[in-house]
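Peer 1: Questions regarding the structure given below will be posed in turn.
Values quoted throughout were computed directly from the atomic coordinates according to the rules given, and no laboratory measurement underlies them. Given the structure is predicted, the values throughout are model-derived calculations rather than measurements. Glycine gets a Cβ as well: all are built from the backbone with ideal geometry, and neighbour counts include every protein chain shown.
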Amino acid sequence: MESSLARKVEKADKYAEERERFVFRNFTVNFHGDNHEHVVKYADKTFECDCEYFSHHTYCAHTLALEKMLAPMVPERLA
Ligand SMILES: [Zn+2]
């Protein structure tokens with residue numbers, strides 16, 4: 001039993017290094033900004049943020065940071 005767990009942990013360690021195996025479908029993140037709290041959502045391959053900048057563009061520093069952190073687990077922006 002213990003060796004079975006060890007094998008699973010070993011496999012998990014390998015998978016954790018192979019980020020391209022994982023593709024996020026949707027999630028919600030609380031972002032602690034310097035001055036404000038923001039909520040960033042991701043669904044249907046699209047980011048959304050409740051900040052002012054995002055309301056005038058299709059991206060902001062918060063969504064760009066998440067794209068960078070999560071590459072290649074979310075698609076790259078095409079712009
Ligand atoms: Zn934002």
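Peer 1: Quick one: if you stick a label point 7 Å off each Cα along the C-beta vector at Glu48 and Val9, how many nm between them?
Peer 2: Here the answer is 4.1 nm between the modelled labels.
Peer 1: From the phi angles alone, apply the Karplus equation (6.51, -1.76, 1.60; θ = phi - 60°) to the range 52-63 and give each ³J(HN,Hα) in whole Hz, x where the residue is Gly or Pro.
Peer 2: Those phi angles translate into 4, 4, 5, 5, 9, 9, 10, 7, 7, 4, 6, 5 Hz.
Peer 1: Lys/Arg Cβ at +1, Asp/Glu Cβ at -1, dipole of the range 24-79 taken about the Cα centre: which of Thr58, Pro72, Tyr42 is farthest positive-ward?
Peer 2: Of the options given, the answer is Pro72.
Peer 1: Of all trypsin sites (Lys or Arg not before Pro) in the range 18-76, which ones are in loop regions per DSSP and have a Cβ with at most 14 other Cβ atoms within 10 Å?
Peer 2: Listed in order of number, the matching sites are Arg25, Lys45.
Peer 1: Can you show me the helix-derived [θ] at 222 nm for the chain, built from DSSP H runs with n ≥ 4 at -39,500 (n - 2.57) apiece and divided by the number of residues, rounded to the nearest 500.
Peer 2: -11500 deg cm²/dmol
Peer 1: Here is a follow-up. Of all the stretches in the chain, which is the longest one without any exposed loop site, taking chymotrypsin sites (Phe, Trp or Tyr not before Pro) in a DSSP loop (any state but H, G, I, E, B) with at most 15 other Cβ atoms within 10 Å?
Peer 2: Formally, the longest exposed-site-free interval is 25-58.
Peer 1: May I ask you to compute the full-extension gain from Thr28 to Leu64, defined as 0.36 nm times their residue separation minus their alpha-carbon distance, rounded to one decimal in nm?
Peer 2: 11.5 nm
Peer 1: Straight-line reach only, C-alpha to C-alpha below 17 angstrom: list the lysines that Lys68 could link to, leaving out same-chain residues fewer than 8 apart.
Peer 2: Qualifying lysines at Cα under 17 Å: Lys41, Lys45.
Peer 1: Treating only the Cβ of Lys, Arg, Asp and Glu as charged (+1, +1, -1, -1), what charge dipole size does the range 24-79 show about its Cα centre? Round to the nearest 20 debye.
Peer 2: My answer is approximately 260 debye.
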